[in-house]
1. So, in the range 1-26, how many residues would count as being in a strand (DSSP E or B) and farther than 25 Å from Ser71 by Cα?
2. Only one of Gly50, Gly38 is under 15 Å from the mean Cα position of the chain (by Cα) and either among the small types (Gly, Ala, Ser) or on the phi > 0 side of the Ramachandran plot (or both). Can you tell me which?
3. Looking at (1) surrounded by 12 or more Cβ atoms within 10 Å (Cβ to Cβ); (2) touching a residue at least 40 places away in the same chain (Cβ under 8 Å), which one does Asp55 not meet, given that it meets all the others?
4. Looking at His102, His84, which is the one that is crowded, with 16+ Cβ neighbours inside 10 Å and out of contact with any helix residue (DSSP H, G or I) (no Cβ under 6 Å at 6 or more places or on another chain)?
5. Return the residues of the range 49-80 that are more than 24 Å from Tyr39 (Cβ to Cβ) and touching a helix residue (DSSP H, G or I) at 6+ places or on another chain (Cβ under 7 Å); say none if nothing qualifies.
6. Which count do you get for residues in the range 39-54 that are small (Gly, Ala, Ser) and over 18 Å from Glu110 (Cα atoms)?
7. How about the range 10-52: which of its residues are touching a Gly at 6+ places or on another chain (Cβ under 9 Å), touching a residue at least 24 places away in the same chain (Cβ under 8 Å) and small (Gly, Ala, Ser)?
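We did not get these values from a lab; they are worked out from the coordinates using the rules stated. The shown structure was predicted, so the numbers you read here are calculated from the model rather than taken from an experiment. Quick reminder, even Gly has a Cβ in these numbers, built from the backbone with ideal geometry, and neighbours come from all protein chains shown.
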Amino acid sequence: MDGHEKINYLELPAKDLPEIKRFYQDAFDWQFVDYGDGYCAFNDGTINGGFYQADIRSSYQNGGALIVLYSKQLEQTAAKVLNHGGTIVKAIFDFPGGRRFHFTDPNGNELAVWSDK
């Protein structure tokens, strides 16, 4: 597959970069590389992205893009989010094709996790 004109990189704001790195490393095993004091890049094993220092957050309710992760074990992933400092903002629900939940990370960025199981 050619990467031409395909989504290649995602960026999200984070007020506290060390805290955001800790959350995603502990909850999802993402890897990070720092680029100065105000930016860190991540790799989740599938896609690359980064967090930039900012006092704002990305919210689905306010028109932000919803980044959706996949899980083979939705309940276990929800528990990991909670155990590592995230907040479930929409409990697990059914939709055509599967189930999902929405959460906010310690910065308040809203993401979702879905499963077809």
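1. The qualifying residues number 0.
2. On inspection, the qualifying residue turns out to be Gly50.
3. (1)
4. Working: His84 fails: out of contact with any helix residue (DSSP H, G or I) (no Cβ under 6 Å at 6 or more places or on another chain).
Answer to the selection: His102.
5. Once the filter is applied, which keeps residues that are more than 24 Å from Tyr39 (Cβ to Cβ) and touching a helix residue (DSSP H, G or I) at 6+ places or on another chain (Cβ under 7 Å), the range 49-80 yields Ser71, Lys80.
6. Result for the range 39-54: 2.
7. Once the filter is applied, which keeps residues that are touching a Gly at 6+ places or on another chain (Cβ under 9 Å), touching a residue at least 24 places away in the same chain (Cβ under 8 Å) and small (Gly, Ala, Ser), the range 10-52 yields only Ala27.
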